[in-house]
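J.: Supplied in structure tokens, the structure appears directly below.
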Amino acid sequence: MSSVRHLLLPNSLTAAGLPAAWSGVNMAVYNYDVVVLGSGPAGEGAAMNAVKAGRKVAVVDSRPHVGGNSTHLGTIPSKALRHSVRQIMQYNTNPLFRQIGEPRWFSFPDVLKSAESVIAKQVTSRTGYYARNRIDIFFGTASFADEQTVEVVSANGMVETLVANQFIIATGSRPYRPADVDFSHPRVYDSDTILTLSHTPRRLIIYGAGVIGSEYASIFSGLGVLVDLIDNRDQLLSFLDDEISDALSYHLRNNNVLIRHNEEYERVEGVDNGVILHLKSGKKIKADAFLWCNGRTGNTDKLSLENIGLKVNSRGQIKVDEHYRTEVGNIYAAGDVIGWPSLASAAYDQGRSAAGSIVENDSWRFVDDVPTGIYTIPEISSIGKNERELTEAKVPYEVGKAFFKGMARAQISAEPVGMLKILFHRETLAVLGVHCFGYQASEIVHIGQAIMNQPGEANTLKYFINTTFNYPTMAEAYRVAAFDGLNRLF
Ligand SMILES: Cc1cc2nc3c(=O)[nH]c(=O)nc-3n(C[C@H](O)[C@H](O)[C@H](O)COP(=O)(O)OP(=O)(O)OC[C@H]3O[C@@H](n4cnc5c(N)ncnc54)[C@H](O)[C@@H]3O)c2cc1C
């Protein structure tokens, strides 16, 4: 029977009520086929696949709710925040709304409230999946005693022992914190603690212009905060197609984000009324708050991996083979804890694949073809090769573009910012890459992805002109871009 173990304890023994003397006492030993450590997307994907294949499965999470960092600190809160901020921006800029009121200012805690309600709904849905599938959940911190045994220490110090044939480590990641930055200062945050911010700073320094830094730059600038975005490189998100990266820079700047490229911190000085960032270039920047978004580290330090002879790299990440198997035969790993691409989208499939490798039910696949979805304002998404890569590889490609400002659906939605760009082979017409920014970009990209995944000649640009799409839709951009590209051929 499925259960959440700590909820089965009598009230007198729950977290608050456990007698102190019981701390460290081993309450019970449980036997499973597969035990999954972590209930984020990777853990959930793994647990569901293993249980569907008839295995007896348990999941352990150190947080007293399922969902992982993805639900509680990462993907879900940041996307919910962004959604609210976009609604506020629309209300404040669309002339239609002036009939019901003047532009309004909303605080960060205001928008955080709606994110919290989404988190709660996600936890409810996901808890239901485990219950329905008869997966036991243990809330506590897991560590290996040996290759077949994990000990789970709950918040009240009670220890439970889980014995299993196979384990899947899906313990995710957390923000990397360099020793020389004082994160105990009340104005210094990382991407986890920013969700405790109880006021709206007038000025914010975001250190690190990767995906998370750029997304938070969009969220805060959308709330009217003056953001300094510090980039260690000379181009924002340099893995993107250059044109898309340029467009992001333009729109962030247009929204009052000051992007400072090729900068590195010398020192982060917390003072009473703010934070001063001293840069190696000699510049000094002061703001009301400082948000560190530079790097993540795998959650492996509490797993006692030394007891099973498993090593991690300098980022705390575990090495796996294509079957998500670690160097210890019965132990697998998936999600952020194995490093790239560190996305919830990939983590879910990696977890499912790790379990697929264990149960051998043909559900394994190596997850190496992941679309990029970046929820900046404007949104960005891409799949396949970009122009730089194709040019370097000397592939004879051509470009087809559709600008959202000319499309009916974008005009109706008052979303004129954006573009879809299709890169295709000029001889075979095979789609080689799809790059998009603007309204619904992360949805639109999947149409291109579906065609790119077709075998042989079925991957063709012609699909977009030989197939009738709904109108008016954002998907119409594919037809417009396909005609634009074909018109360049001779
Ligand atoms: C701000 C932000 C925005 C993001 N936005 C997106 C996005 O839009 N799209 C996207 O695809 N990805 C996004 N990501 C990345 C995404 O959140 C991660 O890739 C995803 O959470 C990884 O899932 P996971 O299952 O590997 O681990 P996690 O979600 O990190 O979950 C791991 C769980 O394991 C638990 N745990 C850790 N150690 C132990 C232990 N010893 N014992 C028991 N439990 C343990 C943790 O408490 C946690 O609950 C974002 C990340 C951040 C930080």
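J.: Within 10 Å of each candidate Cβ there may be at most 11 other Cβ atoms; applying that plus a DSSP loop requirement, which trypsin sites (Lys or Arg not before Pro) in segment 42-112 survive?
T.: Within segment 42-112, the qualifying trypsin sites (Lys or Arg not before Pro) (loop, at most 11 other Cβ atoms within 10 Å) are 104.
J.: If you line up the long axis of helix 75-93 against the longest principal axis of the chain, both from Cα atoms, how many degrees apart are they, to the nearest 10?
T.: Between the helix axis and the principal axis of the chain, the angle is about 40 degrees.
J.: Let me ask you something else. Say the cut-off is 18 Å between C-alpha atoms; which of 401/462; 421/462; 52/302; 79/121 go over it?
T.: Pairs exceeding the cut-off: 52/302.
J.: Now for a different question. Which of 187, 315 has the fewest other C-beta atoms within 10 Å, and how do the rest follow up to the most?
T.: If I rank by nearby Cβ atoms, fewest first, I get 315, 187.
J.: Summing +1 for each Lys or Arg and -1 for each Asp or Glu, what net charge is found among the other residues whose Cβ lies under 10 Å from the Cβ of residue 190?
T.: +2
J.: If you don't mind, there's one more thing I want to ask. With no solvent and one equal point scatterer per Cα, compute the Debye intensity ratio I(q)/I(0) for the chain at 0.06, 0.09, 0.10, 0.14 Å⁻¹ and report its log10, rounded to two decimals.
T.: Values, matching the q order: -0.32, -0.72, -0.88, -1.40.
J.: Let me have the relative contact order for the chain, percent, based on Cα pairs under 8 Å that are six or more residues apart.
T.: It rounds to 15 percent for the chain.
J.: Here's another thing I want to ask about it. Using Cα atoms only, what is the angle between the long axis of helix 441-452 and the major principal axis of the chain, expressed in degrees (0 to 90) to the nearest 10?
T.: Helix 441-452 and the main axis of the chain meet at about 90 degrees.
J.: Then there's this: Of the trypsin sites (Lys or Arg not before Pro) in segment 217-263, which ones lie in a loop per DSSP and count no more than 10 other C-beta atoms within 10 Å?
T.: Here no loop site has a sparse enough neighbourhood.
J.: Do the sum for the chain: with -39,500 (n - 2.57) for every DSSP H run of n ≥ 4, divided by all residues, what is the mean residue ellipticity at 222 nm, to the nearest 500 deg cm²/dmol?
T.: Calculated at 222 nm, the ellipticity per residue is -9000 deg cm²/dmol.
J.: Here's something else I'd like to know. Over the C-alpha atoms of segment 311-377, what are the Rg and the largest Cα-to-Cα span, Dmax, in Å?
T.: 12.6, 44
J.: Give, as a single signed number, the net charge of other residues whose beta carbon lies under 10 Å from the beta carbon of residue 475, with Lys and Arg counted +1 and Asp and Glu -1.
T.: Local charge sum for residue 475: 0.
J.: One quarter of the convex hull surface, Cα atoms only: what value does that give for segment 398-470 in nm²?
T.: 4.8 nm²
J.: A further question on this structure: At 4 °C and a viscosity of 1.567 mPa s, what translational diffusion coefficient does Stokes-Einstein give for segment 172-315, taking Rh as the Kirkwood radius over Cα pairs? Give it in µm²/s as a whole number.
T.: 80 µm²/s
Values quoted throughout were computed directly from the atomic coordinates according to the rules given, and no laboratory measurement underlies them. What you see is a predicted model, and the numbers here were worked out from it, not measured in a lab. Positions of Cβ are backbone-derived with ideal geometry, glycine not excepted, and every protein chain shown enters the neighbour counts.
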